[in-house]
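Inspection log for the structure reproduced underneath, given as structure tokens.
Throughout, read-outs are computed from the coordinates displayed, never taken from laboratory work. Note that the coordinates shown come from a computational prediction; the quantities given were computed from them, not determined experimentally. When we count neighbours, we look across all protein chains shown, and the Cβ atoms used for this are built from the backbone with ideal geometry, even at glycine.
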Amino acid sequence: MNPALTQFGDQMSHLTGVRAIMKDIIETLRAGNGQTFINLSAGNPVILPEVEQLWRDCTAQLLASSDYGEVVCRYGSSQGYEPFVEAVLGDYNQRYGLSMTERNVLITPGSQALYFFAANAFGGYTRDGVLKDIVLPLSPDYTGYGGVSLVQEALRAYKPTLDIVEPHRFKYRPDFDQLEITDHTGFVLFSRPCNPTGNVLTDEEVNRIAALAAAHNVPVFVDSAYAPPYPALNFTDMAPVFGDNMVHCVSLSKAGLPGERIGIALGDEAIIQVLQSFQTNFCIHSSRYGQAIAAQAIASGALAEISERVIRPHYAHKFTVLEENLDAYMPKEVPWFLHRGEGAIFAWLWFDQLPISDWELYQALKQYGVITVPGSPFFPGIKEDWPHTHQCIRISLTATDDEIATGMRHLATVVNQVYQPVLQSSAPVAASLLS
């Protein structure tokens, strides 16, 4: 059959962002052709033995519990499994001095579903035909934001400022001279720590964005998939910033449960109610099994403890391995810049004045048996042609130390070859920043 699709059907039947590139990556890995690949593209978290054991122990407790039948053999509240909601509330209220109630919490089938609900409840066209924008205040950001809205023109992202913080290191910062949040803004969305760059917006920057939004009664959604208290994948000191118009979107995927699809929304009661109604119509409720085992891990304090003691140090070490090998092997005369490693499970590299595109660099690296991810899919909502969007790559920190080291040596070889014609000419190679 070849059934006719609606406009929305046509849009949702196509892959966006990194999902489209993953098709090429999967086909490359399957084909092999006798070549061994170092896969530095993976978004799947590493299965760490202590983390897996935590979930095995919690599963055993659930299997032995009289609650097992109620968890897996019954429908539940669209808000979430009550013991899990209570565990989350108890932890956040105690940890951060809050006074949230069950009306401030919603459990969703992963945080991606949460952004889909929000994008189509608060972004898009109003009943009066007015377009409400979904504002990404700092680009690049999570590629998945590019596919959540059924109204593509609603997504609007802003270019950042690029600070060279030391030789071959840089950091993105919000450009408040350009950022616009108005009565035509539906909601604001950003990740902290950021996928793909590892950037962590400062408390001051978050509060400034929230204040700009509050002046227009606009909610701010903070994607906290890598934030403390779990999975606590912040390599720099940070804590969630709370406010009346802020909704924190927590995920347990990088805390070892990506297969269970557990997202947590924490925010204003009125916003939570809209999202809950959207979820009820969409899928009734999230999986209760994952919530039941996570309730035990959170209530006991084990998940927060293992996040700080095991998960965070593992990825922080991987970033150090990558950083040391880049410094050792990358040509010093090439304008390469590693984003400051402040969190998450990826590293982000910018090659200023890159003579080829990010996609061509990705293809060239494959010839050396190294698979990364081109950076261009991580700029959803950028309306203008900006060369920077084709000068970056994302590198996963999920490989072994030896694989990361070897991958960086091969990357240095390819980059040196790519820049040689420029280096041998009389044209100067220097950071052009926002050119």
_Which of rounded, prolate or oblate describes region 323-435 when judged by the alpha-carbon gyration tensor and an a/c cut-off of 1.5?_
oblate
_Peptides 257-265, 46-54 ordered by average Cβ neighbours within 10 Å, highest first_ = 257-265, 46-54
*For the charge dipole of region 67-301, defined by +1 on Lys and Arg C-beta atoms and -1 on Asp and Glu C-beta atoms about the Cα centroid, which residue among GLY146, ALA210, THR101 has the Cα displaced farthest towards the positive pole?*
GLY146
*Under the definition of Cα pairs under 8 Å and six or more residues apart, what whole-number percent is the relative contact order of the chain?*
23
*Once the Cα atoms of the chain are picked out, what are the Rg and Dmax in Å?*
22.0, 76
*May I ask you to list the trypsin sites (Lys or Arg not before Pro) in region 59-166 that are in a DSSP loop and have at most 10 other Cβ atoms within 10 Å of their Cβ?*
ARG74, ARG127
_Fully extended contour minus Cα-Cα distance, from GLU50 to ARG409, at 0.36 nm per residue_ = 126.1 nm
_Under 10 Å, Cα contacts only: if you run a Gaussian network model on the chain, which one of ILE26, ILE298, ILE209 comes out with the highest mean-square fluctuation?_
ILE26
*Setting aside same-chain residues fewer than 8 positions from LYS254, which lysines have a Cα under 24 Å from its Cα?*
LYS23, LYS171, LYS318
*Dividing the alpha-carbon Rg of region 1-142 by 2.2 N^0.38 Å yields what?*
1.49
_Given contacts defined as C-alpha pairs under 8 Å and at least six residues apart, what's the relative contact order of region 67-301, whole-number percent?_
27
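How much length would be gained if the chain were fully extended between MET12 and SER77, taking 0.36 nm per residue of separation minus their Cα-Cα distance, in nm to one decimal?
20.6 nm
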*In terms of the Cα gyration tensor, with a ≥ b ≥ c the square roots of its eigenvalues, is region 368-429 rounded because a/c is under 1.5, prolate because a/b exceeds b/c, or oblate?*
oblate
*asked:* Using the basic label-point model (7 angstrom from Cα toward the beta carbon), what is the GLU70 to PHE176 distance in nanometres?
replied: 4.9
*At 0.36 nm per residue, minus the direct Cα-Cα distance, what do LEU5 and THR400 gain on full extension? Give it in nm, one decimal, please.*
137.8 nm
*Theoretical ellipticity at 222 nm over the chain - DSSP helices of four or more residues, -39500 (n - 2.57) apiece, nearest 500*: -12000 deg cm²/dmol
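With only alpha-carbon pairs counted, each pair once and no self-pairs, how large is the Kirkwood hydrodynamic radius of region 67-301 in angstroms?
Kirkwood radius, region 67-301: 18.2 Å.
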